[in-house]
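Notes for the one structure printed next.
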Amino acid sequence: MLQVYDTEITSRLFLGTAGYPSPAVLSDAVRASGTQIITVSLRRETAGGKAGGAFFELIRGLGTKILPNTAGCHTTKEAVLTAKMAREVFKTNWIKLEVIGNQDTLQPDVFALVEAARILSNEGFEVFPYTTDDLVVAERLVEAGCRVLMPWCAPIGSAMGPQNLSALRSMRAHFPDVTLIVDAGIGRPSHATTVMELGFDAVLLNTAVAGAGNPAVMASGFAKAVEAGRLAFEAGMLEPRDMAVPSTPVIGKAVFS
Ligand SMILES: CC(=O)[C@@H](O)[C@H](O)COP(=O)(O)O
């Protein structure tokens, strides 16, 4: 069971809803993933060219909790305004806060992000900030009122997978009580397993499923990968060793008669 703000969920896989070839494929993938939280952009072109009301109706019909996002925003002002519109449209205080600072890497403008997080938290929003793996920025976001952090593991849509495992490990160690969700850059189920093994609470991904040859099958693969990583973390994994250790201890010598 994972607590996200005051909501308890069992699936640790969050799914984006952009870039699917059709609304039907999107619906199938969401169902196959078993996700309980999907993120929706108020601004992006949506599945099958459907936009606005029709798309949002489809999203509401999927039976998951909705985490609106501010994808495509580049300033504090734009992100705050988009968050307020999202609250009206989806009747939720949750907002996945994205303030993009660089067009090539789509990395967040962390200064504008902290400012927007503070404004929105003060206005009663529960903020899920899309951030880098920088510990100082993370501290500022927590001070601004965020109880969830969403560090990237690689640029959005890159499918590169974790680029800085030691930074992610440090983040987990520094924030044992903050809900940490890896968001962006995951390309394969094994990437999701890797970050879950580090003790991250969940992963959010979009492109790896939406762009797969068969999104529903890939969504199901990711669900299993996330669960496997979590189970491994909870079970306690062995540390790698330099030397061989016999897995079958022997006592004395075999006796042949
Ligand atoms: C969907 C969303 O809100 C994002 O933050 C992002 O698009 C996820 O990244 P990937 O598409 O790389 O999984």
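The values are calculated or read from the model by the stated rules, or taken from the named source; none is laboratory data. Keep in mind it's a predicted model, so treat the numbers as computed, not measured. Reconstructed Cβ throughout: ideal geometry from the backbone, glycine too, with neighbour counts over all protein chains shown. To get the accessible areas, we keep the full protein, side chains included, count just its heavy atoms, and leave off ligands, DNA and RNA. Shrake-Rupley method; radii C 1.70, N 1.55, O 1.52, S 1.80 Å.
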Within segment 119-176, DSSP-loop GluC sites (Glu not before Pro) with at most 14 other C-beta atoms within 10 Å are Glu123
With +1 on each Lys and Arg Cβ and -1 on each Asp and Glu Cβ, how big is the dipole of the chain about its Cα centre, in debye rounded to the nearest 20?
-> 560 debye
Accessible surface, 1.4 Å probe, highest first, among residues Ser33, Ser22 = Ser22, Ser33
Label-point separation in nm, Leu135 to Ser257, each point 7 Å along Cα→Cβ | 6.4 nm
Rounded to the nearest 0.05, FRET efficiency between Met160 and Arg60 (Cβ-Cβ, R0 30 Å) equals 0.35
Can you pull the accessible area of Asp104 for me, 1.4 Å probe, Å² to the nearest 10?
-> 140 Å²
Exposure ranking of Val99, Val110 by accessible area [1.4 Å probe, largest first] | Val110, Val99
Computed lengthening from Val250 to Ala173, 0.36 nm per intervening residue step minus Cα-Cα distance = 23.9 nm
In degrees between 0 and 90, to the nearest 10, how far off the longest principal axis of the chain does helix 76-90 point, with axes built from Cα atoms?
-> 90 degrees
Accessible area expressed per residue, segment 2-235, with surrounding protein chains retained (probe 1.4 Å, Å²) = 41 Å²
Once both labels are modelled 7 Å past Cα along the beta-carbon direction, what's the Ala235-Leu81 spacing in nm?
-> 5.2 nm
How much of Thr10 can a 1.4 Å solvent probe reach, expressed as accessible area in Å² and rounded to 10?
-> 100 Å²
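Take the eigenvalues of the Cα gyration tensor for segment 2-235, scale each by 5, and report the square roots as semi-axes in whole Å, largest first.
The three semi-axes for segment 2-235 are 23, 22, 16 Å.
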Nearest 10 degrees, 0 to 90: what angle lies between the long axis of helix 110-122 and the longest principal axis of the chain (Cα atoms)?
-> 70 degrees
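If each DSSP helix of 4+ residues adds -39,500 (n - 2.57) and the sum is divided by the residues in the chain, what number results at 222 nm, nearest 500 deg cm²/dmol?
Working: 9 runs with 101 residues, N = 257.
Mean residue ellipticity, 222 nm, calculated: -12000 deg cm²/dmol.
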Carbon/sulfur fraction of accessible area - segment 1-129, other protein chains in place, 1.4 Å, % | 51 percent
Whole-number percent relative contact order across the chain, with pairs defined as alpha carbons under 8 Å at least 6 apart = 18 percent
Hey, what angle do you get for helix 165-174 against the long axis of the chain, alpha-carbon based, 0 to 90 degrees rounded to 10?
-> 80 degrees
